[in-house]
Amino acid sequence: MKTVKDIDVKDKNILVRVDYNVPLKNGKITDDLRIRESFPTIDYLLKNGAKRIILLSHLGRPEGKENPDYSLRPIVKVLENNYKKDKIGFYPLPKDNQSIPIPENVKITLLENLRFDPGEEDNSPKFIRNIIAATKADIYVQDGFAVVHRAHASTYAVKQYLPVYAGLLVEKEVKNLTKAIDNPKKPVLVIIGGSKIEDKAPLIEKFLPIADKIIVGGKIAADGYKPDDKKIYVAEDFDEDVSGNKLDVGPLSTAKIADAIGEANTIIWNGLLGYAEDPAFATSSIITAEIIGAKPDATTIICGGDTTGFVENLVKTHQKLKYSLISTGGGAALEFLLGKKLPGLIVIER
């Protein structure tokens, strides 16, 4: 893929597709990982003389209608806190033949939620063409890795009108995920948790030829998942609540997981090992995250929305923990690992 580092951005208006689909509670952002992960690309563009950066994102599922509950306005404060020297603009989506009067001193502009218009999810050429015309954009940068598995206007139709380049986050995600499946450093350990075996079975099957060991925990294991390969280890003991529900991997299995992590040089973790929303049943997931994060020389990839959020929160209080990649991708990361062709990556210049 060609990235922003392969092009001259000086004096150009750059449209950047980011993923600011962050969790909100009472109008406040509870996890700003995805916003912070966009900063390296924004910083690079500013440093290399971009005239203006116009950020595009969606938030939630407003179903093609304006809804204040899904406004991107809370994002503006985070941007202002990080870019004190650069005035931040915030504008509604442009209508037909409408320009956006962005002042010259505004270096970074955020447009309102793309999904306030049905044209985004309909992959409408007209919708993205309106945005390009209104912002006088010269170049398009795809840096929203979490949406590259969607064929939407801002991930796919845009290719009809502008050259598309990868941002630094997309580059980081693709490089690390590719390394893990194409040229992993042995031994390879894959840890699978979560609750739905129908979602995880394809991932287990995909990694069987690659992994030296696959560990299965979470509700999948508690429900009695039966492996068909000797390299798959399923958690065998569990911590239970007063009703006898198996809500976390037990100490024996956690110890075996810790031993496997200690031996591995490539580790991919998708899916929490217990009902970690309740601290009483987060023990195995915490131990797993801590041991993985203490292996700086290994390739360590954390993927899946619940898992990345859990690990990111842990890092806030355990800052010595380091990982090669805490993926912002969610479903996109899983589809990439499964070898599927993702629309938002296909359109990037080669």
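The values are calculated or read from the model by the stated rules, or taken from the named source; none is laboratory data. Bear in mind that the values here come from a model prediction, so they are computed numbers and not experimental data. All Cβ positions, glycine included, derive from the backbone under ideal geometry; neighbour counts span all protein chains shown. Just so you know, the surface numbers come from the protein's heavy atoms only, side chains and all, with ligands and any DNA or RNA stripped out. Shrake-Rupley method; radii C 1.70, N 1.55, O 1.52, S 1.80 Å.
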Express in Å², to the nearest 10, the accessible area of R150 obtained by rolling a 1.4 Å probe over the protein heavy atoms while all chains stay in place.
100 Å²
What aspartates and glutamates could a cross-link reach from K28, if we take a straight Cα to Cα line under 14 Å and drop same-chain neighbours fewer than 8 places away?
D69
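Which value, in debye to the nearest 20, gives the size of the charge dipole of segment 1-135 about its Cα centre, when Lys and Arg are +1 and Asp and Glu are -1 at the Cβ?
Roughly 420 debye, rounded to the nearest 20.
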Put a dot 7 Å past each Cα toward the Cβ at A151 and K316; how far apart are the dots in nm?
3.9 nm
Checking V242, V216, V315 against a Gaussian network model of the chain (alpha-carbon springs below 10 Å), the top fluctuating residue turns out to be V242
Nearest 5 percent is fine: what portion of the DSSP beta bridges confined to the chain is antiparallel?
10 percent
May I ask you to compute the full-extension gain from D8 to K226, defined as 0.36 nm times their residue separation minus their alpha-carbon distance, rounded to one decimal in nm?
73.1 nm
DSSP-defined antiparallel bridges as percent of all bridges, segment 123-249, nearest 5:
25 percent
Taking the Cα centroid of segment 1-80 and of segment 206-271, what is the distance between the two, rounded to the nearest whole Å?
37 Å
Can you give the charge dipole size of segment 160-287 about its Cα centre, rounded to the nearest 20 debye, using +1 on the beta carbon of Lys and Arg and -1 on the beta carbon of Asp and Glu?
620 debye
Interchain or sequence-distant (5+) residues whose placed amide H lies within less than 5 Å of the amide H of G89 are I108, T109, L110
Ignoring ligands, DNA and RNA, what percent of the accessible area of segment 131-231 is carbon or sulfur (1.4 Å)?
51 percent
Regression test value, accessible area per residue of the chain, probe 1.4 Å, units Å², expected 46 Å²
Can you give me the % of accessible surface on segment 78-123 that is carbon or sulfur? Probe 1.4 Å, all protein chains present, nothing else counted.
46 percent
In this structure, among K185/K341; K12/K295; K2/K196; K77/K185; K65/K85; K10/K172, pairs with alpha-carbon gaps over 32 Å are K12/K295; K2/K196; K77/K185; K65/K85
Using the crude model of +1 on Lys and Arg Cβ and -1 on Asp and Glu Cβ, and no other charge, please compute the dipole size for the chain relative to its Cα centre, in debye to 20.
1380 debye
Set Lys and Arg Cβ to +1 and Asp and Glu Cβ to -1, take the dipole of the chain about its Cα centre, and tell me which of V216, I102, V147 lies farthest positive.
I102
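Taking 22 Å as R0, compute the FRET efficiency from the Cβ-Cβ separation of Y161 and D122 and round it to 0.05. Each step should come with its number before you reach the end.
Details: r = 16 Å, r/R0 = 0.74.
Rounded to the nearest 0.05, the efficiency is 0.85.
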Gained length - K179 relative to V106, 0.36 nm times residue gap less alpha-carbon distance:
22.4 nm
Starting from the 7 Å offset along Cα-to-Cβ, what nm value, one decimal, do you get for the label separation of R36 and K77?
1.7 nm
With every protein chain in place, segment 249-349: carbon and sulfur % of accessible area (1.4 Å)
55 percent
Can you figure out the FRET efficiency of N245 with A201, using R₀ = 25 Å and their beta-carbon distance, to the nearest 0.05?
0.65
